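I have placed the structure first, in the form of structure tokens, so that the comments after it can refer back to it.
Each value in this text was obtained by applying a stated rule to the coordinates, not by laboratory testing. From a predicted model like this one, the values you see are computed outputs, not experimental measurements. No Cβ is skipped: glycine too gets one built from the backbone with ideal geometry, and neighbour counts run over all protein chains shown.
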Amino acid sequence: MKYFKMRAVIRVASYAWLVFIPLMFAPLLVSAAERDPLQPRVPQDQLEAAKAVTNPFPSTSDNIAKGDGLFHGKGTCFICHGAKGQGDGPASVGFDPSPRNFTNPEFHRARTDGELMWVLKNGSAGTAMVPVVGSVIDEEEGWLILLYERSLGRPSP
Ligand code: HEC
């Protein structure tokens, strides 16, 4: 009897790593939160100039579709921002702050197009959002992607 119990204990113990090793990595799998998405990212001394810049492209369904293609294609934005722009892409894990959730209408209200373009050109200091215009995409493509990201924050008609 005792012998069988011992064997059972050993058998359970030998599988315990299946539970404990994944648990050790669990903290890495928890995405951090966004950092106050309503606060400006452009430094104070450049904020006014950045806010005044406007998107030269109209928000037509054609341009939004082009932006969609670039967001998921050449721009590879989805890797961090998620296929639906919710800030939960496959590479978002472990980033603190986490990538922007573009489905939040409050965020869109808090920013002008010019501020968003400033971040595309300069990145957001101290975060995983590096400058993308001039490296991954050009400015025109950036404006089209912004039209797509904006569309995610509008309730569908
Ligand atoms: C390596 C991960 C990563 C990739 C790839 C990435 N982003 Fe980001 N992005 C972030 C993070 C993290 C933030 C949040 C930064 C912060 O809180 O200041 C962010 C924020 C933003 C913002 C919000 C700026 C603001 O004013 O709050 C915009 C717009 C944006 N990204 C656009 C893009 C576009 C367009 C692409 C693709 C060309 C892209 N991102 C690719 C990680 C990424």
Calculated FRET efficiency, residue 8 and residue 96, Cβ-Cβ r, R0 41 Å, to nearest 0.05?
-> 0.45
Please state the relative contact order of region 32-152 as a whole percent: Cα pairs under 8 Å, 6+ residues apart?
-> 35 percent
Report the paramagnetic label zone for residue 138: residues of region 107-128 whose backbone N is under 17 Å from a point 7 Å from Cα along the Cα-to-Cβ axis.
-> 121
Taking H as built 1.01 Å from N, whose amide H comes closer than 5 Å to the amide H of residue 53, not counting residues under 5 places away?
-> 114
How many lysine pairs are close in region 32-152, with Cα atoms under 19 Å apart and the two 8 or more places apart or on different chains?
-> 5
Which cross-chain or sequence-distant (5 or more) residues have an amide H under 5 Å from the amide H of residue 153, H modelled 1.01 Å from N in plane?
-> none
Once phi for every residue in region 111-127 is put through the Karplus expression 6.51 cos²θ - 1.76 cosθ + 1.60 (θ = phi - 60°), the whole-Hz ³J(HN,Hα) values, with Gly and Pro written as x, are 10, 8, 4, x, 5, 5, 5, 4, 5, 4, 8, 10, x, 10, 3, x, 10
